[in-house]
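Report on the following structure.
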């Protein structure tokens, strides 16, 4: 597997973990951070898929906001 594709998937994982930690922040800051992390995760996944389409992850259903 291409190292860059693996690095981008790792970035997505880090973004998901950071999103969970961000719940400790105020609501407004949390929402801004989640938006940034979601966009980063989407971009990283798209780049990883372009570089290694055989390992593309299936699309995940949107999560409920709470």
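Rule-based calculations on the coordinates, nothing more; no lab input. Quick caveat, the model's predicted, so the values are computed rather than measured.
Each principal axis of the Cα atoms in the stretch 3-54 has its own extent, and those three values, largest first, are 39, 14, 13 angstrom.
Taking 0.36 nm per residue of sequence separation and removing the Cα-Cα distance, the residue 49/residue 30 pair yields an extension gain of 4.0 nm. Our summary gives the stretch 3-54 a relative contact order of 56 percent, counting only alpha carbon pairs under 8 angstrom and 6 or more residues apart.
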